[in-house]
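S.K.: Got a structure for you, questions after.
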Amino acid sequence: MAELTLDHITKTFDDGGDEIVAVDDVSIDIADGEFLVLVGPSGCGKSTTLRTIAGLESITDGEIRLGGDVINDKRPQDRNTAMVFQSYALYPHMTVRGNMAFGLEESTQLSDDEIDDRVTEAAEMMGIADLLDRKPGELSGGQQQRVALGRAIVRNPEAFLMDEPLANLDAKLRAQMRTELQRIQEDLGVTTIYVTHDQTEAMTMGDRIAILDDGELQQVGTPLECYHEPANLFVAGFIGEPSMNTFEARVDGATLVTDDFEYDLSQRHRDAIGAREDVVFGIRPEDVEVGADTADGHTYAVTVDVVEPKGDENYVHMTFDDDHETPDTFTATIGGLRQVDAGDSVVVRFPPEAIHVFDAGSGEAVLNRSLDTAEGVDLVL
Amino acid sequence: MRSRILRVLRPGEQADAESEQQVRTDGGTSADRPQRGAADSDARADGGVTATADQPSRARRWLDSEFVKSLPFWLPATLLVGLFVYGAIGWNFVISLTDWTGLRQPTYDSFDFEMYEVFFRNVGKGGLLSGPHTQEYWALRNTFVLLVVFTVAALVVGLLLAILVDRDIRYENTFRTIYLLPMSLSFVVTAIFWAWMYNPDTGMINETLRLVGLGSLTQQWISDPQFKLFAVMFALVWQFSGYAMVVYLAGLRAIPTDQYEAAKVDGASLVKMYWRVIIPQLRASTTSAAVVLMVFALKAFDFLFVLFGTRPGPSADILAMMMYRESFGITNWAYGSAIAMVLFVLALGVIAPYLYVQFKRGEL
Amino acid sequence: MADTTDSRLGLNRIGLYAALALLVAFYLSPLESAIMTAFKTQTGFFETSPFVPPTPSTFTFDAWGQAFDRLEQGLVNSLLFTIPATVLSATLGSLVAYGLTNTKWRGQAFVLVLLVAGIFIPYQSVLVPLSRFWSIVDVASLFAWFEPVADRSGLVALAVTHTAYGIPITTLLFRAHYQSLDDSMLEAARLDGASIAKIYARIILPLSIPMFAVALIYQFTNIWNDLLFALVLVQNPANDVVTMSLTSLQGSMVGQYNLQMAGAFITALPTLLVYIFFGEQFAEGVAGGGA
């Protein structure tokens, strides 16, 4: 059990003379026993980051420490980490027992009996004790997944490294394994880094999530922090489904002017924006009030373009300029029982306490939604 | 944007002033970067010292690298191949530049391209169109004929076999096995079989022709200069069309069944479907099969040797045979080596573009 | 309507099978006529059609016995050099393919291209140097202290030469297989603490068994069937391999077709048996190796 520190790690690849920066100066502290999810779009460097921790890739610069020891120059097998792969990476010619014992045989001095005890124990924990003498080819995807986890557990590592381990499972099984994985991690209390491209998985599983884009760390925080207080436009767009609505805007005194609408700014807004002139206005779909009855500087008449019913809620895509062939739309979510149809004219309101403002140049958040309003979120930070 | 951390240098390694200096230009969007003061960096320096002890030396690192660790696996065999293939070709080239003949040892003192000059002069000696032609001319001409005609014929027959076998037939494996069977036989064996097949009096070919009332077509297949090379190519097609079939079958199997069905829905006849939809997609199979068949054609020595000995006569002589005859028959070593180089360059002309394209596509 | 389509289809199918059967006749006819001839007496094969089976009066086993006597030594010699060359080239090919596929370092592609090009080299372009090489590296005198080897110097030369020329093709066969293995499985093995050699022994090798069958069968057939190297490298007639013995049998028994055919079958028998029992693997070798 140990805390894991990524200290300014950088990884560059040489691609025929061109230097490609896969991981760019990333620093994260992961507490002992924490479940940290590394999330980002494909190619963002999250898998590379994980692989540098495992020792499958060397780092170009920086330091990786596990339990206080610098491990980045150690051989992979000496790092005391265990990795779970997306493809499970089981040895097809060995039984489940053989798969789980392999690492102990190759990297420890344990006797055969001790190895057998540990394999049995881990197998029981994963509920695969009755499969020990089967080969991977005879197992279902879910069972193979359990073997892959069991193989990591049996090593008794200081950190688990998981590379999209649930991506090959069907949706139902994936949801089930998600909770099970969290339970096991909690029981074992092993520091875990979990890589995924799925922001839902990141939100639901992680103690904290770290969002990467283009090799650079965008934000580290609890799921709710990242959701409600995104550090920048990228995080705001990546976390949350459907994505936050954004409009490019110009600051004109106490008013935000976009191509589609003007928005009255409060003193709190203006303080945060300061002297900036070009900003991006953002609002989450669930914060858009549809069918507002008050008229203030935050209400607008719009036309419904498309309605996507989801059952429990509807995604309503709306537009300010319905004359256009392919109009720019923004999205609101409303209750599943509310009836709105394409072509309807509705009034929407962007509540002042729920808006986000980002610097148009750097993309950094200058103003996030306020969390201490009456209808605010009860959030323990 | 990029910040560098302090790296403590190992004693003995040249000091790099810049890396002693800790440059911190933290910024950007990272939200979780701990602030560090001078005291912090001292602590890190201490931590770095312990880390230094664990850090492998450069030599150790090199020994640990995958390159070095993989050497025992590939190097010995690669050296063996390098010696026997590339060493030998280089040596052959050197010999071709000497005047070495007879039973004495070669001397490597004067080098020139005389042998190549002789070869190409002889090729054109009788005039390229009119005769009389030299053995060089015939060997080169027959090599090209063999290369082109045999390859095309084997491809066509192989494609036909593949299409027939691919028609969802019963006992597919048996049919495939039979068509490929000749390829498992030695040239020596197949040459003896075909010598008997072509026997003018009691051979299978003439017997069959007589049996079906085409007795007028019977020929002295392998002694009549008119038919010699054709007879050889026919037998070679028999032996190697199964290979083309196997390659084409793999290509056909890679085409999704949807396309057959789509073509059917579009109303294409069977012939049209193959001609316009399927065969154009077999280009890769055709290329790789053609390259290999050409290489077989260049190697057809064994077959001719058993049929005709080292003197097949102008109508069936090929470079591979002539090279053997010059070198091991009449000990014109240097001249034989020069012919071997011509053959090598021919082979290179076939395979180099192929390998280059394969390499570029990352298919090696 | 449906009926006519069905009968058209039926006719098509009949045509298809007729074509397939005709082709079978074509591909097997040289073997059929050869085997019939091999069981006939001299008058038998001169006076009857080659594809007609022998009658009791023209039937004889004599040709087989005589041919076998002529080829016996050649068969033994061929086995003596073919088996080691086959096993060695397959084993080395597997090792090379592993070293060039499943480890990461620069320059692999270059080594690989050089190796693969070796598949396509016409043997003629190395014959003279090879014969020089093996007369300089004189196995007979090197092993003068060990007669069983010294007496078979030509076979040693053949075994080594065929091993060297077999490595490119076996490398390509194994490489195709190793490329298809899951990379993360090998990474998992590394994380499990297995060294490169251990990964080969415990993961790669057990997973290579089907490919070994392919490589061994393909190489056995290729090496057994070769004549050219043997012509150049074997000096001592006691070392003649079976393809050489068959060639000289054919040269000296002119017109004795029954003897020639029996000899051809005896020579082909090992490869024929291998082909009949492992045809699938042979086809895979043919398709995968490309040569």
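The values are calculated or read from the model by the stated rules, or taken from the named source; none is laboratory data. Bear in mind that the values here come from a model prediction, so they are computed numbers and not experimental data. All Cβ positions, glycine included, derive from the backbone under ideal geometry; neighbour counts span all protein chains shown.
S.K.: Where in segment B:246-364 are the helices (runs of 4 or more DSSP H), entirely inside, with at least 2 residues that are surrounded by 16 or more Cβ atoms within 10 Å (Cβ to Cβ) and among the aromatic types (Phe, Trp, Tyr)?
M.R.: Values: elements: B:257-265, B:283-298, B:301-308, B:319-324, B:333-360.
Fully inside segment B:246-364 and qualifying: B:301-308, B:333-360.
S.K.: Next up: Given C:ALA117, C:ALA109, which one is at pLDDT below 85 and either outside any loop (DSSP other than H, G, I, E, B) or among the polar types (S, T, N, Q) (or both)? Walk me through how you get there before you give the answer.
M.R.: Details: C:ALA117 fails: at pLDDT below 85.
Testing whether each residue is at pLDDT below 85 and either outside any loop (DSSP other than H, G, I, E, B) or among the polar types (S, T, N, Q) (or both) leaves just C:ALA109.
S.K.: A further question on this structure: Which residue, of A:PRO76, A:PRO136, A:PRO92, is at the interface with chain C (Cβ under 8 Å from one of its Cβ atoms), over 27 Å from the mean Cα position of the chain (by Cα) and touching a residue at least 12 places away in the same chain (Cβ under 8 Å)?
M.R.: None of the other options fit; the residue is A:PRO92.
S.K.: Let me ask something else about it. Part of a helix (DSSP H, G or I) and farther than 25 Å from A:VAL39 by Cβ: is that true of A:GLU105 in this structure? First the steps, then the outcome.
M.R.: Working: part of a helix (DSSP H, G or I): yes; farther than 25 Å from A:VAL39 by Cβ: yes.
It is true that A:GLU105 is part of a helix (DSSP H, G or I) and farther than 25 Å from A:VAL39 by Cβ.
The rows are residues; the columns are (1) more than 27 Å from the chain's Cα centre (by Cα); (2) among the basic types (Lys, Arg); (3) buried (at least 22 other Cβ atoms within 10 Å of the Cβ).
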residue	(1), (2), (3)
A:ILE211	no, no, yes
A:GLU216	no, no, no
A:GLN219	no, no, yes
A:GLU225	no, no, no
A:PRO230	no, no, yes
A:GLY237	no, no, no
A:SER243	no, no, no
A:PHE261	yes, no, no
A:GLU277	yes, no, no
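S.K.: Given the conditions (1) within 7 Å of chain B (Cβ to nearest Cβ); (2) within 20 Å of C:VAL241 (Cα to Cα), and given that C:ARG70 satisfies all but one, which numbered condition is not satisfied?
M.R.: Only one criterion is unmet by C:ARG70, namely (1).
S.K.: Step by step: first the residues of segment C:34-50, then only those that are without any contact (Cβ under 8 Å) to a residue 40 or more places away in the chain and closer than 17 Å to B:VAL189 by Cβ, then the one that is surrounded by the most Cβ atoms within 10 Å (Cβ to Cβ). Which residue is that? Give the derivation first.
M.R.: Of the residues in segment C:34-50, the ones without any contact (Cβ under 8 Å) to a residue 40 or more places away in the chain are C:36, C:43, C:46-50.
From what's left, closer than 17 Å to B:VAL189 by Cβ: C:36, C:50.
Working: C:MET36: 21, C:PRO50: 25.
Once the filter is applied, the top-ranked residue is C:PRO50.
S.K.: Tell me the residue from B:LEU103, B:LEU164 that is over 23 Å from B:GLN226 (Cα atoms), aliphatic (A, V, I, L, M), within 13 Å of another protein chain (Cβ to nearest Cβ) and surrounded by fewer than 16 Cβ atoms within 10 Å (Cβ to Cβ), please.
M.R.: On the way: B:LEU164 fails: surrounded by fewer than 16 Cβ atoms within 10 Å (Cβ to Cβ).
Testing whether each residue is over 23 Å from B:GLN226 (Cα atoms), aliphatic (A, V, I, L, M), within 13 Å of another protein chain (Cβ to nearest Cβ) and surrounded by fewer than 16 Cβ atoms within 10 Å (Cβ to Cβ) leaves just B:LEU103.
S.K.: So, of the residues in segment B:311-340 that are aromatic (Phe, Trp, Tyr) and in contact (Cβ under 8 Å) with a residue 24 or more places away in the chain, which turns out to be farthest from the other protein chains (Cβ to nearest Cβ)?
M.R.: Within segment B:311-340, the first condition is being aromatic (Phe, Trp, Tyr), and the residues that meet it are B:324, B:328, B:333, B:335.
Pick out the ones that are also in contact (Cβ under 8 Å) with a residue 24 or more places away in the chain and you get B:333, B:335.
Numbers: B:TRP333: 6, B:TYR335: 10 Å.
So the residue we want is B:TYR335.
S.K.: Further question on the same structure: Could you list all residues from segment C:161-182 that are farther than 13 Å from C:LEU95 by Cα and facing chain B (nearest Cβ under 8 Å)?
M.R.: C:THR161, C:THR163, C:ALA164, C:TYR165
S.K.: Also: Quick one: count up the residues across segment B:77-104 that are in contact (Cβ under 8 Å) with a residue 12 or more places away in the chain and not small (Gly, Ala, Ser).
M.R.: Start the filter on segment B:77-104 by keeping residues that are in contact (Cβ under 8 Å) with a residue 12 or more places away in the chain, which leaves B:89, B:92-103.
Retained after the next criterion (residues that are not small (Gly, Ala, Ser)): B:89, B:92-95, B:97-101, B:103.
Going through segment B:77-104 one residue at a time, the tally reaches 11.
S.K.: Go through the residues of segment C:19-29 one by one and say whether even a single one is out of contact with any Leu (no Cβ under 8 Å at 6 or more places or on another chain), more than 17 Å from B:THR208 (Cβ to Cβ) and at the interface with chain B (Cβ under 8 Å from one of its Cβ atoms).
M.R.: There is no residue in segment C:19-29 that is out of contact with any Leu (no Cβ under 8 Å at 6 or more places or on another chain), more than 17 Å from B:THR208 (Cβ to Cβ) and at the interface with chain B (Cβ under 8 Å from one of its Cβ atoms).
S.K.: If you check every pair at least six apart or on different chains, which have Cβ atoms under 6 Å apart with a residue in segment B:342-364 that is farther than 24 Å from B:ILE318 by Cα first and a residue that is of a type outside the set (A, V, I, L, M) second?
M.R.: Sorted first by the residue in segment B:342-364, then by its partner, the pairs are B:LEU364/B:GLN358.
S.K.: Would you check which residues across segment C:131-155 are surrounded by fewer than 23 Cβ atoms within 10 Å (Cβ to Cβ), part of a helix (DSSP H, G or I) and not polar (S, T, N, Q) and list them?
M.R.: C:ARG132, C:PHE133, C:TRP134, C:ILE136, C:VAL139, C:ALA140, C:LEU142, C:GLU147, C:PRO148, C:VAL149, C:ALA150
S.K.: Testing B:TYR137 on (1) surrounded by fewer than 20 Cβ atoms within 10 Å (Cβ to Cβ); (2) in contact with a Gly (Cβ under 7 Å, 6 or more places away or on another chain), one condition comes back false. Which one is that?
M.R.: With (1) surrounded by fewer than 20 Cβ atoms within 10 Å (Cβ to Cβ); (2) in contact with a Gly (Cβ under 7 Å, 6 or more places away or on another chain) applied to B:TYR137, the lone miss is (1).
S.K.: Please count how many residues of segment B:78-95 are facing chain C (nearest Cβ under 7 Å) and more than 28 Å from C:TYR98 (Cα to Cα).
M.R.: Selection size over segment B:78-95: 3.
S.K.: Would you check if B:ILE222 is of a type in the set (Val, Ile, Thr), over 30 Å from C:ASP226 (Cβ atoms), touching a residue at least 24 places away in the same chain (Cβ under 8 Å) and more than 11 Å from chain C (Cβ to nearest Cβ)?
M.R.: Numbers: of a type in the set (Val, Ile, Thr): yes; over 30 Å from C:ASP226 (Cβ atoms): no; touching a residue at least 24 places away in the same chain (Cβ under 8 Å): yes; more than 11 Å from chain C (Cβ to nearest Cβ): yes.
No.
S.K.: Further question: Would you be able to say whether some residue in segment A:38-55 is crowded, with 17+ Cβ neighbours inside 10 Å, part of a strand (DSSP E or B) and either in the same structural domain as A:LEU161 (by TED's automatic domain parsing) or touching a residue at least 12 places away in the same chain (Cβ under 8 Å) (or both)? I'd like the intermediate steps shown before the answer.
M.R.: Of the residues in segment A:38-55, the ones crowded, with 17+ Cβ neighbours inside 10 Å are A:38-40, A:44-55.
Okay, now just the ones that are also part of a strand (DSSP E or B), so A:38-39.
Filter once more, so that each one left must be either in the same structural domain as A:LEU161 (by TED's automatic domain parsing) or touching a residue at least 12 places away in the same chain (Cβ under 8 Å) (or both): A:38-39.
The answer is yes, given that some residue of segment A:38-55 is crowded, with 17+ Cβ neighbours inside 10 Å, part of a strand (DSSP E or B) and either in the same structural domain as A:LEU161 (by TED's automatic domain parsing) or touching a residue at least 12 places away in the same chain (Cβ under 8 Å) (or both).
S.K.: Ok, one more. Please state which one of C:PHE81, C:PHE120 is more than 14 Å from chain B (Cβ to nearest Cβ) and touching a residue at least 40 places away in the same chain (Cβ under 8 Å).
M.R.: Answer to the check: C:PHE81.
S.K.: Given the residues C:LEU11, C:LEU71, C:LEU80, C:LEU23, which is the only one that is surrounded by 16 or more Cβ atoms within 10 Å (Cβ to Cβ), in a helix (DSSP H, G or I) and over 23 Å from the mean Cα position of the chain (by Cα)?
M.R.: Details: C:LEU11 fails: surrounded by 16 or more Cβ atoms within 10 Å (Cβ to Cβ); C:LEU71 fails: over 23 Å from the mean Cα position of the chain (by Cα); C:LEU80 fails: over 23 Å from the mean Cα position of the chain (by Cα).
Exactly one residue qualifies, and that residue is C:LEU23.
Here is a yes/no grid of residues against (1) more than 30 Å from A:THR196 (Cα to Cα); (2) in a loop (DSSP other than H, G, I, E, B):
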site: A:THR246; (1), (2): no, no
site: A:ARG250; (1), (2): yes, no
site: A:LEU256; (1), (2): yes, no
site: A:TYR263; (1), (2): yes, no
site: A:ALA275; (1), (2): yes, yes
site: A:VAL280; (1), (2): no, no
site: A:GLU286; (1), (2): no, no
site: A:ASP296; (1), (2): yes, yes
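S.K.: Follow-up question, since we're still on this one. Exactly one condition in (1) assigned to a loop (DSSP other than H, G, I, E, B); (2) more than 30 Å from C:LEU273 (Cα to Cα) is not met by B:ASN199; state its number.
M.R.: (2) is the only condition that B:ASN199 fails.
S.K.: Can you say whether C:LEU227 is over 14 Å from C:GLY93 (Cα atoms), surrounded by 22 or more Cβ atoms within 10 Å (Cβ to Cβ) and not aromatic (Phe, Trp, Tyr), as far as the supplied structure shows?
M.R.: Details: over 14 Å from C:GLY93 (Cα atoms): yes; surrounded by 22 or more Cβ atoms within 10 Å (Cβ to Cβ): yes; not aromatic (Phe, Trp, Tyr): yes.
Answer is yes for this residue.
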